[in-house]
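Down below is the structure, laid out as structure tokens.
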Amino acid sequence: RAAGASGGGDEATAVGIGAGTLSKLSAAAGQGPLYRLDLPANARNLQIRTLGGSGQLKLYVRAIRAPSADGSDADYSSVRNGTTQNVQMALPVSGSYFIRPVGGSGGYANVSLSVSYSVQ
């Protein structure tokens with residue numbers, strides 16, 4: 001399943017993840033990895049968080065397609081000061097979500113990305 005990969009975006013380069021935590025993420029300002037989360041049809045209470053580490057981080061999430069690095073086309077975003085960001089959806093639509101933690105001014109280092117949801 002390469003949803004959206006034929007559109008010329010960078011969806012095909014996304015790293016597949018599931019529920020759990022990725023640690024020690026780092027990126028320069030304006031940069032960041034791209035992750036793909038495939039949610040089952042019965043998923044509820046999706047929570048995507050970044051925490052810990054140092055620097056500035058912006059969290060962008062988009063269904064079906066990857067969000068741009070500036071977040072202008074993101075479906076959900078969290079852009080508070082620091083590295084603690086949070087995106088929540090009580091009733092997410094099943095399918096692929098693309099998650100892009102982007103470095104703010106000065107970037108970020110040693111940040112954790114946590115993804116959780118329940119299955120009903």
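The values are calculated or read from the model by the stated rules, or taken from the named source; none is laboratory data. Everything quoted here is computed from the prediction, not taken from an experiment. With ideal geometry, Cβ positions are generated from the backbone for all residues, glycine too; neighbour counts draw on all protein chains shown. All accessible areas refer to the heavy atoms of the entire protein, side chains included, with ligands and DNA or RNA removed. Shrake-Rupley method; radii C 1.70, N 1.55, O 1.52, S 1.80 Å.
Averaged over all directions, how much area does the convex hull of the C-alpha atoms of the chain cover when projected, in nm²? Don't skip to the answer; put the middle values down first.
Numbers: hull surface 26.4 nm².
That works out to 6.6 nm², a quarter of the Cα hull's surface.
With the convex hull drawn over the C-alpha atoms of the stretch 12-52, the volume per residue is 103 Å³. Give me the base-10 log of I(q)/I(0) for the stretch 71-120 at each q in 0.20, 0.22, 0.30 Å⁻¹, Debye formula, one uniform scatterer per Cα, rounded to two decimals. Rounded to two decimals, the profile gives -0.85, -1.00, -1.56. Distance between the 7 Å Cα→Cβ label points at residue 23 and residue 84: 2.0 nm.
With kT/(6 pi eta Rh) evaluated at 10 °C and eta = 1.306 mPa s, and Rh the Kirkwood radius from Cα pairs, the stretch 45-96 diffuses with a coefficient of 136 µm²/s according to Stokes-Einstein. Multiplying the residue separation of residue 41 and residue 116 by 0.36 nm and subtracting their alpha-carbon distance yields 25.5 nm.
In the context of the full set of protein chains, the chain has a per residue accessible area of 49 Å² (1.4 Å probe).
Amide H contacts under 5 Å for residue 29: 106, 107, restricted to partners 5 or more places along the chain or on a different chain, H placed in the peptide plane at 1.01 Å from N.
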